[in-house]
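Visitor: I'd like to ask some things about the structure below.
The values are calculated or read from the model by the stated rules, or taken from the named source; none is laboratory data. Source: prediction; values computed, not measured. Heads up, the Cβs are rebuilt from the backbone with ideal geometry, glycines too, and the neighbour counts pull from every protein chain shown.
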């Protein structure tokens, strides 16, 4: 059962519950800090469930994380429960090699207040605060510069790199979708040998300093564009599980 108070406690949110921009910004930031982006269930061959009750049980009651469909799907439930006007939309991710993902490649949210905003707690590598739509100037967020520009009857999210050049991140329209619309793509990402989510364990979250990530046995830490990387010293599962708990507050699910 969806429990608003329990969800807000999971986020450590102590502000008021008014559906305004200040509340949206606070919830967005806290979600990225306290509910990690992770694929541990995928790597253990466990099944998924995109029903709101199942997402709440996994990420609030069991204090786990998830990947984009799970994270943004549950965040949409939270925002709606608090009185926000919020829609789930589909995005196609631009890869470094120039390829563009299929429709339903990524889920994000469009929130309508005095203006429209995009919210995305489905991958800790992007913006930490909502970005305004239909707003031409670049928008600074956590030491990085983003711009949302009109593109092909929708929008394109651009990120300015350390060299000052803009790179496309994903393109999307504001057409409302249901979370069930993403299920075929979710099936592929969850089970296909070609999916990057089935290659190795991933866990990532935002911190006060920037972002931390475990990818297999690699531990990465970002502050702005500065990156530190180290490899876990031993091949023991115990060291991985220690890092998982220390940096993400997670324990590995056992069948």
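Visitor: Hey, does the stretch 227-246 have a residue that's in a loop (DSSP other than H, G, I, E, B), out of contact with any strand residue (DSSP E or B) (no Cβ under 7 Å at 6 or more places or on another chain) and touching a residue at least 60 places away in the same chain (Cβ under 8 Å)?
Guide: no
Visitor: Among 180, 251, which is the only one that is free of Cβ contacts under 8 Å to residues at least 12 places away in the same chain and under 26 Å from residue 62 (Cβ atoms)?
Guide: Exactly one residue qualifies, and that residue is 251.
Visitor: Something else now. Any residue at all in the stretch 98-114 that is at pLDDT 95 or above, outside any strand (DSSP E or B), under 28 Å from residue 18 (Cβ atoms) and in contact with a helix residue (DSSP H, G or I) (Cβ under 7 Å, 6 or more places away or on another chain)?
Guide: The answer is yes, given that some residue of the stretch 98-114 is at pLDDT 95 or above, outside any strand (DSSP E or B), under 28 Å from residue 18 (Cβ atoms) and in contact with a helix residue (DSSP H, G or I) (Cβ under 7 Å, 6 or more places away or on another chain).
Visitor: May I pose another question? Could you please find all residues in the stretch 1-40 being touching a strand residue (DSSP E or B) at 6+ places or on another chain (Cβ under 8 Å) and under 22 Å from residue 245 (Cα atoms)?
Guide: Those that are touching a strand residue (DSSP E or B) at 6+ places or on another chain (Cβ under 8 Å) and under 22 Å from residue 245 (Cα atoms): 29, 32, 33, 34, 35, 36, 37, 38, 39, 40.
Visitor: If you scan the stretch 139-165, which residues turn out to be farther than 15 Å from residue 91 by Cα, loosely packed, with under 13 Cβ neighbours inside 10 Å and free of Cβ contacts under 8 Å to residues at least 60 places away in the same chain?
Guide: Passing the criteria: 140, 163, 164, 165.
Visitor: On to the next question. Looking at the stretch 207-222, which of the residues that are touching a helix residue (DSSP H, G or I) at 6+ places or on another chain (Cβ under 8 Å) and either in a strand (DSSP E or B) or crowded, with 21+ Cβ neighbours inside 10 Å (or both) is modelled with the lowest pLDDT?
Guide: Within the stretch 207-222, the match that is modelled with the lowest pLDDT is 219.
Visitor: If you don't mind, there's one more thing I want to ask. Conditions: (1) part of a helix (DSSP H, G or I); (2) over 24 Å from residue 106 (Cα atoms). Residue 42 meets all but one. Number of the miss?
Guide: The number of the failed condition is (2).
Visitor: Can you find a residue that is assigned to a loop (DSSP other than H, G, I, E, B) and within 16 Å of the chain's Cα centre (by Cα) anywhere in the stretch 67-88?
Guide: Yes; the residues of the stretch 67-88 include at least one that is assigned to a loop (DSSP other than H, G, I, E, B) and within 16 Å of the chain's Cα centre (by Cα).
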